[in-house]
1. In whole Å and largest first, what semi-axes does the C-alpha gyration tensor of the stretch 206-307 yield when each eigenvalue is scaled by 5 and square-rooted?
2. Counting each pair of different Cα atoms once, what's the Kirkwood radius of the stretch 25-104 in Å, rounded to one decimal?
3. Considering only DSSP states other than H, G, I, E and B, which trypsin sites (Lys or Arg not before Pro) in the stretch 279-338 qualify as loop sites with at most 15 other Cβ atoms within 10 Å?
4. Counting only C-alpha contacts under 8 Å and six or more residues apart, can you give the relative contact order of the chain as a whole percent?
5. Using a Gaussian network for the chain with springs between C-alpha atoms less than 10 Å apart, which of these wobbles most: Met56, Met359, Met113?
6. What whole-number volume per residue, in cubic angstrom, does the convex hull of the C-alpha atoms of the stretch 58-232 give?
7. Determine the gain in length on full extension of the stretch Leu366-Glu295; use 0.36 nm per residue of separation and subtract their C-alpha separation, reporting nm with one decimal.
8. Using only the heavy atoms of the protein chains and a 1.4 Å probe, how would Arg79, Arg74 rank by accessible area, largest first?
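The values are calculated or read from the model by the stated rules, or taken from the named source; none is laboratory data. All values reported here derive from a predicted model rather than from experimental measurement. Using ideal geometry, Cβ is built from the backbone for each residue, glycine included, and neighbour counts are taken over all protein chains shown. All accessible areas refer to the heavy atoms of the entire protein, side chains included, with ligands and DNA or RNA removed. Shrake-Rupley method; radii C 1.70, N 1.55, O 1.52, S 1.80 Å.
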Amino acid sequence: MQTQRNSKKKEQDSIPQPIRGNDGFEDRGPRNVLLDQQNPDLLVPPATDHGTLPNMKFSFSMAHNRLQEGGWARQVTIRELPISKEIAAVNMCLKPGALREMHWHKEAEWAYMLWGRARLSSVDQNGQNFLDDVGPHDMWNFPAGIPHSIQGLEEGCEFLLIFDDGNFSEDSTFLITDWFNYTPKHILAKNFGVSESDFSELPTDVDHTRYIFQGEIPGPLSSDEVPNKLGERSFTYHISDLKPLKTSGGTVRIIDSTIFPAASTIAVGIVDVEPGGLRELHWHPNTDEWQYYLEGNGRMTVFASEHTARTFNYSAGDVGVVPFAMGHYVENTSDDTPLRFLEVFRSPHFQDVSLNQWMALIPPELVKEHLDVGDKVMKSLRKEKWPLVK
Ligand code: MN
Ligand code: MN
């Protein structure tokens with residue numbers, strides 16, 4: 001009985017209440033306690049939060065999931081998260097051997113492997129073909145309109161696809177089976193120089209397309225290569241080739257068109273924040289930021305000018321957005337778990353402006369006169385970029 005009472009009390013203690021000092025009062029329900037526990041800074045915002053700002057968080061766990069024989073796919077677009085005008089994303093999983101059907105789309109596709117391995121194929125406008133295998137943390141980019149396929153290897157795989165338009169829909173890509181099924185048979189016959197009966201067995205799965213379907217696990221990469229006299233152009237980038245920038249609070253890896261020319265419209269920072277560390281106060285002078293949380297738990301406050309600021313909590317599988325030019329930080333709220341996330345920009349280049357570096361590189365008197373701060377603050381400023389602090 002005693003133990004039961006203790007566990008009941010413990011349970012009540014872990015239920016967060018909307019109380020901050022003398023402000024607020026107990027929430028006796030109805031309420032969704034699990035969501036309140038995941039969003040402590042919505043239930044009890046920092047006292048510095050103020051004003052009206054749009055929602056800047058959506059979780060893939062809240063998105064419709066399309067399950068098929070070969071795996072699944074779900075998307076977060078402008079329809080799920082209206083503030084995300086520039087970027088849409090798809091989280092996809094393929095079983096061993098399963099294929100994401102040969103297709104193309106109007107948007108560029110940048111991707112990050114979450115686990116497992118995949119084989120990619122493509123042919124570009126010059127008739128150059130491309131074939132490569134990717135593993136955990138590797139990336140790829142297919143420019144807009146360039147056809148491609150993705151196949152899960154021995155253990156299957158899961159990845160994140162990023163498209164350079166918030167309106168993108170994974171359900172409206174150009175699928176090879178779709179085109180075959182909506183072209184007159186005599187045109188197919190003439191196009192390939194064969195007879196109509198050669199196309200009598202076209203797939204008639206759901207909607208006459210395959211989308212994600214089970215295939216055979218392919219052999220080694222070399223056995224799949226199709227010889228071609230054209231030169232090398234890479235649509236993949238392997239994480240092992242990326243140089244990390246290490247600072248006191250963690251690590252940033254920046255990948256944009258300067259080192260990966262195929263990614264001409266999407267720039268990404270892979271950010272690792274140590275327990276208790278902080279992605280410093282900064283903003284981006286070029287475009288919105290779109291975020292995907294890979295691991296751990298974090299908190300971000302977005303400063304929107306005019307006395308407005310709003311704080312959100314993020315965990316693995318969540319998406320965040322920072323509208324153009326708004327100031328922000330991302331804090332790892334855990335004492336023992338790293339926070340890992342992607343900063344994504346619809347831009348050929350990764351660009352950020354550091355509040356600290358700005359203050360360090362202008363006349364100190366100017367800074368002092370604005371903020372009434374003393375030498376201790378002035379001495380703490382850094383002239384070099386230092387994206388992660390602790
Ligand atoms: Mn695609
Ligand atoms: Mn940022």
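1. Working: eigenvalues 265, 80, 58 Å².
The equivalent ellipsoid of the stretch 206-307 has semi-axes of 36, 20, 17 Å.
2. 16.0
3. Listed in order of number, the matching sites amount to none.
4. Relative contact order here is 17 percent.
5. Met359
6. 137
7. Working: separation 71, 0.36 × 71 = 25.56 nm, distance 4.01 nm.
Gain in length upon complete extension: 21.5 nm.
8. Arg79, Arg74
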